[in-house]
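Trainee: So that we are looking at the same thing, I have put the structure below in structure tokens.
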Amino acid sequence: MPRFEDIRLLRATYLRGPSIWTYRPALEVWLALGELEHHPSNKVPGFNERLTAWLPDLVEHHCGVGERGGFIERLREGTWMGHVLEHVIIELLNLSGLPAKFGQTRETSVSGTYRMVFRCPEEAVARAALAQGHALIMAAINGEAFDLKGAVQAIKTTIDDNYLGPSTACIVDAAQERRIPQVRLNDGNLVQLGYGAAQRRIWTAETDQTSAIAEGIAQDKDLTKRLLAAAGVPVPEGQIVASADEAWEAAQDIGLPVTVKPSDGNHARGVTLELYKEKNIRAAFPLAEKEGSEVIVERFIEGTEHRLLVVGGKVVAACRGEQVFVTGDGQRTLKALVDELNRDPRRGVEEEYPLELLDLNLPNIQLELARQEVAADTVPAAGRKVLLQRNGNMAIDCTDELHPDVAYHAELAVRVVGLDIAGLDMILKDIAQPMRAQGGAILEVNAGPGLLMHLKPSSGSPRPVGQAIVEHLFPGSGEKGSHAGRIPIIGVAGTRGTAFIARLVGWLLQLSGKLTGIASSEGMFIAGRQTQKTDTAHWAGAHRLLTNRLAEAAVIQTTARSILDEGLAYDRCQVGIVTDMDGWEQLADHDVRGPEQMPRVLRTQIDVVLDGGAGVLNADIPAVAELAELCDGEVLLYALSADNAALTQHRAQPEARAVFVHGDQICLATGAKERVLGRLAALHPADGSPPDTAALLAAIAGAWALGIAPDLIAAGIKTFEYQH
């Protein structure tokens, strides 16, 4: 059959925040079907069969039908290829381990051109999925071969390269469950939870409360042991040594067997356990020396390695290690036995795997094998167990077995070091028994501990360690109605006087006692001081403001173009103000062809109002006033006349608030009750600049919605200097 020309991808725009499509980040793709506009899915021979053979789980896509098999039904009936591409991308993301559901495809005013969008939290991953999905659908259309496994692996690689590590991700996910906003601050694992002055920062399992001094102490294992011993915490006797000769001398002084390890290493690298012989102790010294600045020889403690996680002074999880053995069968070599062990689905090279792959060439394993006088090509006798690793295999949850005495010593040790979050390595025969009675000891106290062992144990229950850390950072954030991590955010959308509105609301907030930041078309302001003169009424400007730790409140001016180009920089706001529906003439590149399309754009500002917040709407413009039904919070209307029909209907509700001009006075109304704020002629900024009356009303309504007292509003307007 003749080959169809490729679907053309005209442009792809990553929307970083709430947009006309969804509350979450998404990739919007403009595509032209070309000749495929006349060939829906049921008109391309063999297409549906090839597609469903490659992606059988498309049957799970409900699509608009609303039930399992819905999308398959649409394929058979005939649907356009832009819609099919949307579902192909979503399924590729699912196969790559990234659950995806949301997508939409809409035809534009140009025949054959569509806007297709799908949700994805990382731009690089979204673009990789788009590229692979595009290649797959064209191969299915034209009956060509396609490497599905390679496509999925390419997306997985992009996920691994760009996503947060599992420890950071579990904290971020826990914060999201509590509706605490998140801002990724770099390409790694530095994440801001919350906005402005209410924010906290995490970097893997370290927080902005983690003491640098405490972290330095934890890195120095000899110093840590001395401090713990002074506080009565059981630790193994040990000595710092500078050479293999000193290591052997120290071992004889301490008493065999001993452990040799680096003084400041991590992840069990360079640690060799239960050494009896001089040659093994000497061989262990360079392994430890390579992993740290000094080497410690310490008394070997009999028992099993345990890892306890302490958050905010309390043990929240515990797991037990397991030694790694292979059992000979008299036929296969040690290497073959290890290769079989590495096929365990828990083992892998990525961070998502709780256990690492075993490499017989690693020095620690080589030393362990030498002690047993075996090598990779040895064929162990049937039933013979060969020990490969003694430590670093934390995989068995034992939190429910924890004895109070063990918990006490763990919590005491962390307090002595001074960490807010710590992982403790302990040697215990039985975690359910008191510590001293069994001769147990704490080996190390670690800052920034890995959390994967508690999230994905090989046996036992996963532990909600992310929730524990978020609760530590934001106490009470799990309670209903909590606004943890949030500052008052006021969004101002439209074209009429919006810069003035933003500046005046910011000034009134500042007078009310909150250090306020403003991002507007006239620049950025912090506490009344202009810090940037260029236009900041866009995503990047708002983002800079929301990451500023000084800001106790933020006023952010937004345009329709910014919403279409980037999305909002914040997930929710306390007050959303919409002034008008103007400006559609400049948005033809977004297929906005008339004023009737503007409500779909500017509703975004009202869609994000918190249920305890308020939407402020211009009742003199019917399309703006009609957005009231979309607001989850309270609605305040403003109008130039008390006789406005929408205002009158609104005030029929006893608690409904409104701001309007009555004669020569500005009035605040709650239902039928009215209060005069002042004469319009008297409510002028201190610099004498004549305000636009509608803009002044919008600012007054926004400030009133924030709970600012009317008297302060009136006084604040008179002292406000708009010119700068």
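The values are calculated or read from the model by the stated rules, or taken from the named source; none is laboratory data. Because the structure is predicted, anything quoted here is derived from the model rather than measured. Using ideal geometry, Cβ is built from the backbone for each residue, glycine included, and neighbour counts are taken over all protein chains shown.
Trainee: In the set ILE708, ILE713, which member is part of a loop (DSSP other than H, G, I, E, B), modelled with pLDDT of 95 or more and touching a helix residue (DSSP H, G or I) at 6+ places or on another chain (Cβ under 7 Å)?
Mentor: Only one candidate passes the filter, namely ILE708.
Trainee: Which residue out of ALA413, ALA382, ALA370 is more than 35 Å from the chain's Cα centre (by Cα), in a helix (DSSP H, G or I) and in contact (Cβ under 8 Å) with a residue 24 or more places away in the chain?
Mentor: ALA370
Trainee: How many residues are within 19 Å of ILE489 (Cα to Cα) and either over 34 Å from the mean Cα position of the chain (by Cα) or of a type in the set (Val, Ile, Thr) (or both) if we restrict to the stretch 610-636?
Mentor: Selection size over the stretch 610-636: 2.
Trainee: Filter the stretch 97-134 for residues that are of a type in the set (Ser, Thr, Tyr) and part of a loop (DSSP other than H, G, I, E, B) and give the result.
Mentor: Of everything in the stretch 97-134, those that are of a type in the set (Ser, Thr, Tyr) and part of a loop (DSSP other than H, G, I, E, B) turn out to be THR108, SER109, SER111.
Trainee: I would also like to ask the following. Within the stretch 660-671, does at least one residue satisfy the condition of being exposed (fewer than 14 other Cβ atoms within 10 Å of the Cβ) and assigned by TED's automatic domain parsing to the domain that holds THR498?
Mentor: Checking the stretch 660-671: at least one residue is exposed (fewer than 14 other Cβ atoms within 10 Å of the Cβ) and assigned by TED's automatic domain parsing to the domain that holds THR498.
Trainee: I would also like to ask the following. If we keep just the residues of the stretch 385-410 that are assigned to a strand (DSSP E or B) and out of contact with any helix residue (DSSP H, G or I) (no Cβ under 8 Å at 6 or more places or on another chain), which is modelled with the highest pLDDT?
Mentor: Looking at residues that are assigned to a strand (DSSP E or B) and out of contact with any helix residue (DSSP H, G or I) (no Cβ under 8 Å at 6 or more places or on another chain), I get ILE396.
Trainee: What are the pairs with Cβ atoms under 6 angstrom where one residue, in the stretch 574-598, is assigned by TED's automatic domain parsing to the domain that holds GLY615 and the other, located anywhere, is surrounded by fewer than 21 Cβ atoms within 10 Å (Cβ to Cβ) and of a type in the set (Ser, Thr, Tyr)? Sequence gap at least six, or different chains.
Mentor: Short answer, once both residue conditions are applied: ASP580/THR495; ASP582/THR495; GLY583/THR495; ASP591/THR108; ASP591/SER109; ARG593/SER109.
Trainee: Would you point out which residue out of GLN209, GLN182, GLN199 is under 17 Å from the mean Cα position of the chain (by Cα), in contact (Cβ under 8 Å) with a residue 12 or more places away in the chain and more than 30 Å from ALA288 (Cβ to Cβ)?
Mentor: None of the other options fit; the residue is GLN199.
Trainee: So, in the stretch 273-329, of the ones that are hydroxyl-bearing (Ser, Thr, Tyr) and within 27 Å of ASP397 (Cα to Cα), which residue ends up surrounded by the fewest Cβ atoms within 10 Å (Cβ to Cβ)? Step through it out loud before you land on a result.
Mentor: The first filter runs over the stretch 273-329 and keeps only residues hydroxyl-bearing (Ser, Thr, Tyr), leaving 276, 293, 304, 327.
Narrowing the set further to residues that are within 27 Å of ASP397 (Cα to Cα) leaves 304, 327.
Working: THR304: 19, THR327: 11.
It comes out as THR327.
Trainee: Could you grab me the full set of residues in the stretch 95-150 that are surrounded by fewer than 20 Cβ atoms within 10 Å (Cβ to Cβ) and among the polar types (S, T, N, Q)?
Mentor: Those that are surrounded by fewer than 20 Cβ atoms within 10 Å (Cβ to Cβ) and among the polar types (S, T, N, Q): GLN104, THR108, SER109, SER111, THR113, ASN142.
Trainee: Going by the conditions given, is THR558 over 21 Å from ILE708 (Cβ atoms), polar (S, T, N, Q), in the same structural domain as GLN665 (by TED's automatic domain parsing) and at pLDDT 95 or above?
Mentor: yes
Trainee: Could you list, ordered by first residue, the pairs with Cβ atoms under 9 Å in which the first is in the stretch 458-476 and crowded, with 17+ Cβ neighbours inside 10 Å and the second is part of a loop (DSSP other than H, G, I, E, B) and among the hydroxyl-bearing types (Ser, Thr, Tyr), at least 6 apart or interchain?
Mentor: VAL470/SER477; GLU471/SER477; PHE474/SER482
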